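**Q** I'd like to ask you about the structure that follows.
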Amino acid sequence: MGLGSIVGTGVFVSIGIAVGEAGPGVLFAIVAAAIIAMCNAFSSAQLAASHPVSGGTYEYGYTYLSPSLGFTAGWMFLCAKTASAATAALGFAGYLLHALGAEASHLILVAMAAVTILTLLVLAGLKRSNMMNILIVSVTLGSLAIFVFSAVPRILQLEPASLLPSRSGEGGSVKSLLYATALMFVAYTGYGRIATMAEEVREPRRVIPQAIIITLTVSAALYIAVALAVVGVVQSRPLGVLGETEAAPLEVIAQALDQPVIAMTISVGAITAMLGVLLNLILGLSRMALAMGRRADLPSPLANVRNGIPAAAVITVGLAVAGLAAVGSIETAWSFSAFTVLVYYAITNLAALRIPARDRLYPRAFPIVGLAGCLFLAFWVPPTIWATGLGLIALGLFARVVFRRTTVQYRQ
């Protein structure tokens, strides 16, 4: 379940963007992001064990911090995952168009069509099952394994010095490395799904930490292997090209191996993974919008449910994802997701620090390192991105006051 929640857009899109920014320094970014993600995951697991309710940090913020911080967490979750969903839609479109040999100019149209179709399917009651999760993970890992194995000869030709950012000629600056770390952090954030399963496993105090450590370790190893393959295959090309124009970076790299079957395998794995991610995010976003609508943190019509489906929330989420996908820039969408998800997990760690000592399962060092890491990385994305994120926080807090006053007046 952990791998199904983590491996997806991050490996097929984020690594391409991060390599374009940091060059071989992406290896540092992958490891650093994994360490911060590990700390955050333990904070999430601690909170899930102490306060086992759905809603994640939105609920934890209300319980352990303040209504404003709880709302901010929920609002940032919606912004972050909407951006991630838009990235998944654009990534799906990029890999599909490359596989079909179609014009890249249709990227936005195909992405919006995918969002529309999946939104309609969710309205009809489609959910992501465990069997679907197993299938998606199997296809994804299989295609990546074939890609990495095919690139082994190129990887073995790499000299150790060529993997150092300062010697690569690209991505050697601290700014590039930290920006790439922020981008790669988002690639790990599915670990929250593991933390919320405390009530569904035996011996959660032992099993949940083990699952988190194993999942993040396997994911980091997979990302490192793929990154090495990327660097090995394109060592004769400018790495920055990957992050600037390509919506399907791994397939473009696979084509350089001169083995069409490998490129097609990567396309199938990416298309499958992106659709699974997109479906999962539409489901999760609509449920968060439903929860916030019930509390009057968002317009109350979002809380309406018919036949078990929050139709208004699903439609609103679909429109938001399609709107962001219309921007057409994968790097912009993923960078925005990085900033907002880092703010979200900063609040997670802050809430974990408020848990009484008698209820604490893990050392305070985890939320302290997680909080510092999230706040530090958040402001290494482009200034326009974090400025927009801060503006959205202010706008959200203002809108929350309006929604709550309107709801009170309506009820009176």
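The values are calculated or read from the model by the stated rules, or taken from the named source; none is laboratory data. Predicted model only: the values in this text are computed from it and were never measured. For the accessible areas, the whole protein counts, side chains as well, though only heavy atoms, and no ligand, DNA or RNA atoms are used. Shrake-Rupley method; radii C 1.70, N 1.55, O 1.52, S 1.80 Å.
**Q** Which residue fluctuates most in the GNM of the chain (Cα springs below 10 Å): VAL402, VAL277, VAL321?
**A** Per the Cα network of the chain with a 10 Å cutoff, VAL402 tops the list.
**Q** Sticking with this structure for a sec: Per-residue ellipticity at 222 nm for the chain, helices alone: DSSP H runs ≥ 4 residues times -39500 (n - 2.57), over residue total, nearest 500 deg cm²/dmol?
**A** Result for the chain: -24500 deg cm²/dmol, rounded to the nearest 500.
**Q** Something else: Could you work out the percent of alpha carbon pairs in the chain separated by over 39 Å, rounded to a whole number?
**A** 14
**Q** Suppose all protein chains stay in the model; what accessible area per residue would a 1.4 Å probe give for the chain, in Å²?
**A** Result: 42 Å² per residue.
**Q** Another question, if that's okay. Quick one: with all protein chains in place, what share of the accessible area of region 265-412 is carbon or sulfur, to the nearest percent (1.4 Å probe)?
**A** Accessible surface attributable to carbon and sulfur in region 265-412 totals 66 percent.
**Q** Can I ask one more? Would you work out the relative contact order for region 288-384, in percent, from Cα pairs under 8 angstrom that are 6 or more residues apart?
**A** Reported as a whole number, the value is 20 percent.
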